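Written below as structure tokens is the structure these notes are about.
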Amino acid sequence: MLRAIYPGSFDPVTYGHMDIIERSHNLVDELIVGVLCNKAKMPLFSAEERVKMLKEVTKDLRNVRIIPFDGLLVDFAARMEAKLIIRGLRAITDFEYELQMSQTNHKLEPNVETMFLTTSIEYSYLSSTTVREIAAFGGDLSQFVPEAVAAALRKKMCTKGECNK
Ligand code: PNS
């Protein structure tokens with residue numbers, strides 16, 4: 001049984017994340033999308049909201065589970081009995097951070113490997129940060145996130161007093 005973890009902040013989930021989820025869930029028996037709670041990162045969406053959105057957009061994928069976590073990723077992997085971490089690589093700018101993270105995780109837990117999937121070209125520019133910025137200025141989100149996520153972003157911007165539309 002090969003169980004993998006695809007960890008991230010997912011604040012919010014984008015088509016880029018979904019590309020990695022859709023391509024990697026077929027490679028393993030079970031894919032756990034690990035949602036980092038970490039309030040220190042001051043996420044726009046609470047962990048509960050991010051989990052809810054991920055559950056909605058992955059509801060048709062039979063072997064995908066969405067689970068929030070806090071603390072070290074390797075400890076979460078041990079609790080989940082997962083031996084593989086999956087991360088997406090968009091561009092060379094991601095590489096340094098990803099290399100450092102995978103090597104640190106390997107030092108902490110040599111039995112857990114990190115596997116990288118290069119993001120599909122059409123999403124290589126996309127990040128949650130830019131999506132949040134477009135939402136803050138009332139831009140069209142339809143190319144970047146599913147409608148359920150776009151609706152949640154619009155609602156969130158209104159509750160923050162940044163309602164543009
Ligand atoms: O989507 P992100 O913000 O790039 O995801 C980063 C994440 C959640 C994978 C990373 O911050 C993480 O694993 N955090 C848990 C803490 C940890 O294990 N740190 C040591 C590895 S550097």
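Numbers at a glance
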| item | result |
| --- | --- |
| Total formal charge among the other residues, if their Cβ is under 14 angstrom from that of residue 58, Lys/Arg +1 and Asp/Glu -1 | +2 |
| Cα-based shape type of the range 18-104, given that a ≥ b ≥ c are square roots of the gyration tensor eigenvalues and the cut on a/c is 1.5 | rounded |
| The range 54-116 shape via C-alpha gyration tensor axes, a/c threshold 1.5 | oblate |
| Cα gyration tensor, the range 27-75 - rounded (a/c under 1.5), prolate or oblate | oblate |
| Relative contact order (%) - criterion: Cα under 8 Å, at least six apart; region: the chain | 27 |
| Under 12 Å, Cβ to Cβ, from residue 113 - net charge with Lys/Arg +1 and Asp/Glu -1 | +1 |
| DSSP-defined antiparallel bridges as percent of all bridges, the chain, nearest 5 | 0 |
| Share of alpha-carbon pairs per 5 Å distance bin for the chain, given as whole % | 1, 9, 18, 21, 22, 15, 9, 4, 2, 0 |
| The chain: calculated mean residue ellipticity at 222 nm from DSSP helix runs of at least 4, using -39500 (n - 2.57) | -12500 deg cm²/dmol |
| Cα pair distances exceeding 18 angstrom across the range 1-62, given as percent | 33 |
| Lysine pairs within the chain, Cα separation less than 15 Å, 8 or more sequence positions apart or different chains | 5 |
| Residues of the chain: accessible area per residue with a 1.4 Å probe, Å² | 56 |
| Helix 92-108 axis, angle to the chain major axis (alpha carbon atoms, nearest 10°) | 40 |
| Fraction of accessible area attributable to carbon and sulfur, the range 1-133 (%, probe 1.4 Å) | 54 |
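The values are calculated or read from the model by the stated rules, or taken from the named source; none is laboratory data. This one's a predicted model, so the numbers in the text were calculated from it and none came from an experiment. Cβ sites come from the backbone with ideal geometry, for glycine too, and all protein chains shown count toward neighbours. What goes into the accessible areas is simple: the full protein's heavy atoms, side chains included, and nothing from ligands, DNA or RNA. Shrake-Rupley method; radii C 1.70, N 1.55, O 1.52, S 1.80 Å.
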